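Bear in mind that the values in this text are calculations on the coordinates, not laboratory data. The model shown is predicted, which means the values in this text are computed figures rather than measured ones. A quick note on method: Cβ atoms are made from the backbone with ideal geometry, for glycine too, and the neighbour counts reach across all protein chains shown.
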Amino acid sequence: METFFDNSAQPAVRGFLHQPAPGNSDALVLTHGAGANCQSKLMIAVANAFAASGFTVLRCDLPFRQQRPHGPPLPGGTANDREGLRRAVEAMKKIVPGHVFLGGHSYGGRQATMMAAEDKPEDAQVAAGLLLLSYPLHPPRKADQLRTAHFPQLRTPALFVHGSRDPFGSLDEMKSALQLIPAAKMLLEVAGAGHELLSAKGAGDLPEQIMEAFSKFFS
C-alpha cells in the first residue's frame, strides 16, 4: 500500500493505492460515506480483500473530505464530489490496462450512481461496474424521501450490498427500488448488519463474501 496523489486535474485525487501481487489488470476505485474518510475500517477491509484477489485498489477521499477533515458534505458540493470520482476513475485507467470499477459506501456510493447516471446513452460508461455498500435509500425514519430519481437512467451494472438492519432502507425497500434500474443489478443481503455492515455478528469474512459475489456478478 502506498499514498496516492494526482493534482493534474481538479478536483485532485488523494488516497491510498493497494497494489496486488500478482494483478488481474483490473482496478477498483473505492470511496467513503458522509461522516468518514478513506481510512474507515470498512474501506480498508474491502480494499484488502479486492487486492488479495488481484485488483489494484484506490481508496480515495472525496473532494469535500479533502477540503475539511471533519463534518458532512455541503449540499452545494455534491457535483464536485462526483467530478472527483470521475477524476479518480480516469487516474486509474492510466495505471491498469483492464476494467476500472467504482465503489462507495453510503454517500460515496450514491454519488457514484448519480455520476454514472449522468452519462448519456451514446457515451462510453465511465466505470465498468458499481459496488454500492449500504446505499442510503432514504434518510432514517423518512421513507418517503427516496433517493432514486436517477435510477431509471442508470445503465451501469451494479452490485448492492445491504444490511437487514440498515435504517437508511430495509431490504424490501431496496428490492423495490432496484426494479427502477434498467441495468443489470444484484442485491447481496447481509443478515443482522446495520449501515456500517461490519457491525453484524460474524461479519469478519464479509469483505471476502463481497469479493466472491462481485466476481460472480461481473463474470
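With a cut-off of 8 Å between alpha carbons and a minimum separation of six or more residues, what is the relative contact order of segment 4-153 in percent?
Working: 290 pairs, mean separation 36.2, N = 150.
This gives 24 percent for segment 4-153.
Return the subset of LYS175/LYS216; LYS93/LYS216; LYS41/LYS185; LYS120/LYS216; LYS94/LYS201 for which the Cα-Cα distance in this structure is over 31 Å, preserving the input order.
Numbers: LYS175/LYS216 19 Å; LYS93/LYS216 23 Å; LYS41/LYS185 26 Å; LYS120/LYS216 27 Å; LYS94/LYS201 39 Å.
LYS94/LYS201, as the Cα separations exceed 31 Å there.
What size of dipole, in debye to the nearest 20, comes out for segment 2-218 about its Cα centre when the only charges are +1 on Lys and Arg C-beta atoms and -1 on Asp and Glu C-beta atoms? Please report the intermediate quantities before stating the final value.
Numbers: 21 positive and 20 negative charges, 66 e Å.
In total the dipole reaches around 320 debye.
For the chain, what is the largest minus smallest coordinate of the Cα atoms on each principal axis, given in angstrom and ordered from greatest to least?
Here the Cα extents, ordered largest to smallest, are 41, 38, 38 Å.
Just to compare against my own numbers: the Cα pair-distance distribution for segment 1-79, 5 Å bins, whole % per bin, please.
Percent of pairs per bin, in order: 3, 16, 25, 23, 17, 11, 4, 1, 0.
Counting Lys +1, Arg +1, Asp -1, Glu -1, what net charge surrounds ASP172 among other residues with beta carbon under 12 Å of its beta carbon? Working shown, then result.
Numbers: positive: LYS175; negative: ASP166, GLU173, GLU189.
Spelling it out: positives minus negatives among the neighbours equals -2.
Taking 8 Å as the Cα distance limit and 6 or more residues as the minimum spacing, I'd like the relative contact order of segment 43-106 as a percentage. List each step's numbers first, then the result.
Details: 28 pairs, mean separation 15.0, N = 64.
That works out to 23 percent.
Shape of segment 150-219 from its Cα gyration tensor (a ≥ b ≥ c, root eigenvalues): rounded if a/c is under 1.5, otherwise prolate when a/b > b/c, or oblate?
Values: a/c = 2.94, a/b = 1.34, b/c = 2.19.
Since a/c reaches 1.5 but b/c is at least a/b, the shape of segment 150-219 is classed as oblate.
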